[in-house]
Structures are given as structure tokens and as C-alpha cells.
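Each reported figure results from applying straightforward, stated rules to the coordinates on display, with no laboratory input. Note that this is a predicted model, so its numbers are computed, not measured. When we count neighbours, we look across all protein chains shown, and the Cβ atoms used for this are built from the backbone with ideal geometry, even at glycine.
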Amino acid sequence: MKLYIKQRVVSLLDSYDVYADNFNKKYTVKAQMEDFFKLGAHLHVYDLFGREVGVIRQKVFQLMPTYEIEVDGQKIGEIKKQFNLLKKNFDVNYLGLRIDGDFFGWNYYVFQDDNLVMTISKEVVSLGDTYMIEFNDSDIEIYGLMLVLAIDAALFRGRRNSIWN
């Protein structure tokens, strides 16, 4: 099973559409106008019925970008960007997941215990960011989507939304 995340090119606030294998829209991700005036980044994930299924919240006043991940109203983990001059590393406290791969090229693997649960890749030549998530276990779809959004925020949005970066 696959999901495709496509960033909207023309948008005042961060906004993405998420598509399933059949290229039908499955989720919408966007920052809300009321979040524009808050410190730190906030991204809300909605299903096709407009129900909020997840939120990514930046923890402010952190030395390195740190994002809390909430699904269905419950905080289930966080990721924190680690300082490293040669490669991008993350401290992941999220469902026992471990991430390996090339963060510069956005090609990496996500493991739970020793089992590969998903792979993520980024299209290099596209208008707006486009990511493909391939799942080995469809039960973690929303959790995988939230992880990718949090990593994207830590790598790119953090520079705009944090006074420390």
C-alpha cells in the first residue's frame, strides 16, 4: 500500500494533499489561520469527511527542532532533530520506530523492532515537495503519515517557524 504526499505550490500556509494508490485524495494536511499567530509550527491532518485525525505541534524554545505527534486527540510521541554536520539524524520517541537512510535525499527505511514497516522517498524534480510512503503494514498508515509530516517540518519548516534555527 502507498500514500503520496503532494505539497500545494500556491498557499499562504503549509498545505498538502495526500493520495492513495489509486490517486484519489485520502487526507488533507494544513496549517490553520489561527495557528499562524502561535509560536511554532502546527499542522492538522483531516480525513475526507473533514474530521481531524492528527496534529503535529512544534515545541518552542528548544535548541533543536522538536515536534509532538498527536493522533485522535492523544499524544503518541515526538521526534527531535539531532545536531550533526555530516548527516541528518533524529531522536525518535514514537511507537518504538527506528529510521535508517539518507535524509538529504529523503530515501529511508522505518523499522519497528527488526521489521521493515515502511519506506519513504522524495521526488527530487517536482513543483512543491512530493513524497511517496510505501507501507508493509497498512495498520500503521496514519502513524506513518504523521511521522513523515513531522520529519518534513523538522527539516524544512523549522527554519521558518523557530527562533532558534
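For residue 142 paired with residue 74, estimate the spin-label separation in nm (one decimal), with each label point 7 Å from Cα along the Cα-to-Cβ line.
Here the answer is 1.1 nm between the modelled labels.
Taking other Cβ within 10 Å of each residue's Cβ, how do 120, 140 sort, fewest first?
On the way: 120 22, 140 18.
By the 10 Å Cβ count, ascending: 140, 120.
Given the Cα-Cα distance of residue 64 and residue 93 and 0.36 nm per residue of separation, how much length would full extension add, in nm?
8.9 nm
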